[in-house]
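No lab work stands behind these numbers, since they all come straight from the coordinates. These numbers were taken from a predicted model, which means no experiment stands behind them. Virtual Cβ from ideal backbone geometry, glycine too; neighbours counted across all protein chains shown.
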Amino acid sequence: MVLVENFSVMFGNFCAVDDISFSVKRGEIFGFLGANGAGKTTTIRVLCGLLYPTKGKVTVAGIKFDSKDAEMAIKRKVGYMSQRFTLYNDLTVEENLSFIATLHRLDAKTYLKRRDYILDFISFARPLTSFVRSLPGGIKQQISLAAAILHDPDVVFLDEPTAGVTPAMRARFWDLIKDLARLGKTIFVTTHYMDEAEQCERIALMRTGKIVALDTPDNLKKMMFPDKLYEFEARGEISYSYIQKLKVRPEFEYFEPFGLRFHAAFKESSEVEEFKKELESDFIAKEIRPTLEDVFIRTTETK
Ligand SMILES: Nc1ncnc2c1ncn2[C@@H]1O[C@H](COP(=O)(O)OP(=O)(O)O)[C@@H](O)[C@H]1O
Ligand SMILES: [Mg+2]
């Protein structure tokens, strides 16, 4: 559904996306992770036909991105929920959706059918005459999703769709994402939430314009942590300086504090027991499976 080969985007002399290649299958939930400025939004804008790539080959929903005509064709095939909130607050839900329908040149009958189907899909239970500004944040995001899929696109690009949304609403939003994938839609989503990334079939980790890792969440964990990972949990209060002193110890291959705990991988497995013993009075240690947060930290630190 998406095929990107040696693709770069320059803004003047600045390289925002630097020679990336990847593909996304039909019906896949593909996650894009990376710090702010990594190049996620720029990539999405190209794949939606809003920005021309400086270099490389792009095919979306079978359409090669090589002319202005292709740009129009791609826009019909893709839905885009932008990182910025794009609904009109001072219009009603109905007015917003019918405006989007006009942009996509949907005829009245198709529009009403799609509108009712999608509002039912997201279980929108309020009056259509509700002003967008009166809706809670999570519902607004669902209406934005409805707007992005109104024209029944094959590929849906969601750029930080749950930023600033409550945990319950984030979970609800992800149920919708999974339903869409089950309907055969291809989902391309960016997020800063690791619990969300965990729900993607594959994830690309992006750093300063490059993809530094791309695989399933499980494979990324295995790849980044081939050896055992331990969690040390403080038995009581510990000071910040205590953790800082531990951090510089030479035994660690990986060390990351999380509040009163830290995760650690060791250079030599023979050092583990001795270290555990040394810290026994202050910390309880156990072997754990790495989280995606560990993977993310490690990838962005080491490559
Ligand atoms: N239109 C633009 N002109 C110049 N630089 C841009 C433009 N859009 C984005 N950038 C820069 O490109 C880099 C990647 O931005 P972006 O794709 O928005 O990253 P992300 O979505 O991962 O946070 C950033 O350094 C950003 O400042
Ligand atoms: Mg962005």
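Short version: ³J(HN,Hα) in whole Hz for each residue of segment 202-211, in order, from phi by Karplus 6.51 cos²θ - 1.76 cosθ + 1.60 (θ = phi - 60°), x for Gly and Pro, what are they?
9, 10, 10, 9, 10, 9, 5, x, 10, 8
For the chain, what does the relative contact order come out to in percent, with C-alpha contacts under 8 Å and a separation of six or more?
20 percent
I'd like the projected area of segment 52-122, averaged over all directions, using the convex hull of its alpha carbons. Report it in nm² with one decimal.
6.5 nm²
Which whole-number percent is the relative contact order of segment 225-302 (Cα, under 8 Å, 6+ apart)?
Once divided by the residue count of segment 225-302, the mean separation gives 42 percent.
Hey, what angle do you get for helix 93-103 against the long axis of the chain, alpha-carbon based, 0 to 90 degrees rounded to 10?
Once rounded, the angle reads 70 degrees.
Which trypsin sites (Lys or Arg not before Pro) in segment 85-158 sit in a loop by DSSP (not H, G, I, E or B) and have at most 15 other Cβ atoms within 10 Å of their own Cβ?
105
Around residue 129, with a cut-off of 12 angstrom between Cβ atoms, what is the net charge of the other residues, counting Lys and Arg +1 and Asp and Glu -1?
-1
Taking a cut-off of 19 Å, what percent of all Cα-Cα pairs in segment 225-302 are separated by more than that?
Roughly 29 percent, once rounded to a whole number.
Share of antiparallel DSSP beta bridges in the chain, in percent to the nearest 5?
Taking every DSSP beta bridge with both residues in the chain, the antiparallel ones total about 70 percent.
On alpha carbon coordinates alone, what is the Rg over Rh value for the chain, Rh being the Kirkwood radius?
Rg divided by Rh gives 1.05.
Which whole-number value in Å³ per residue fits the convex hull of the alpha carbons of segment 47-196?
Output value, Cα hull per residue: 124 Å³.
Say R0 is 30 Å: what FRET efficiency, to the nearest 0.05, do residue 289 and residue 179 get from their beta-carbon distance?
So, using R0 = 30 Å, E works out to roughly 0.60.
Output the direction-averaged projected area (hull surface divided by four) of the convex hull of the alpha-carbon atoms of segment 167-303, in nm².
Hull-based average projected area comes out at 10.1 nm².
Hey, got the dipole for the chain? About the Cα centre, +1 on K and R Cβ, -1 on D and E Cβ, debye to the nearest 20?
1180 debye
So what is the 222 nm mean residue ellipticity for the chain from helices alone, if each DSSP H run of at least 4 adds -39500 (n - 2.57) and you divide by all residues, rounding to the nearest 500 deg cm²/dmol?
-10500 deg cm²/dmol
Give the total of Lys-Lys pairs in segment 225-302 with Cα-Cα distances below 15 Å; include a pair only if its members are 8 or more places apart or on different chains.
Close lysine pairs under the 15 Å cut-off: 8.
Return the subset of 40/109; 68/210; 140/221; 75/221; 40/77 for which the Cα-Cα distance in this structure is over 30 Å, preserving the input order.
Cα-Cα > 30 Å for 40/109; 140/221; 75/221; rest within.
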